[in-house]
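K.L.:
Pasting in a structure now, in structure tokens, and then I'll have a few things to ask.
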Amino acid sequence: MMNDQNQPHEYPIDGTLDLHQFSDKDTKDVVLEYIRECLKREIFSLRIVHGKGIGVKRRIVHSILEKHLSVKAFRHEQGRGGSWGATVVDLKRE
């Protein structure tokens, strides 16, 4: 994955993706690659932190999730302090 400075960045694949360090223009590619890696590692429950802000990243993330064939369901996080600043994703076990 690439960070804002376009330098290679090793990102931990543990089911939580924090998009704060990525630019809006990189969000789509980062989310798609993260989902691909999670599926490869058999991680089927994800937490994508997009922030609250004005909702640009949230809209990008949700538009990706709505169309992605491996996404079973997604919803705003409840109970961990993220509320609408994070989205929980359930991936299909293929």
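K.L.:
Does Arg47 satisfy the criteria of being surrounded by fewer than 16 Cβ atoms within 10 Å (Cβ to Cβ), of a type outside the set (Gly, Ala, Ser) and at pLDDT 95 or above?
P.N.:
Taking the combined requirement at face value, the residue does not satisfy it.
K.L.:
Do you know which of the residues in region 1-22 that are of a type in the set (S, T, N, Q) and more than 19 Å from Glu42 (Cα to Cα) is modelled with the lowest pLDDT?
P.N.:
Checked region 1-22; the qualifying residue modelled with the lowest pLDDT is Asn3.
K.L.:
Continuing with the same structure: Inside region 54-94, can you point out the residues that are at pLDDT 95 or above and either in a loop (DSSP other than H, G, I, E, B) or within 17 Å of Glu37 (Cβ to Cβ) (or both)?
P.N.:
Within region 54-94, Val61, Ile64, Leu65, His68, Leu69, Ser70, Val71, Val89, Asp90, Leu91, Lys92 qualify.
The values are calculated or read from the model by the stated rules, or taken from the named source; none is laboratory data. Keep in mind the model is a prediction, meaning the values are calculated, not measured. Positions of Cβ are generated from backbone atoms using ideal geometry, with glycine treated the same way; all protein chains shown enter the neighbour counts.
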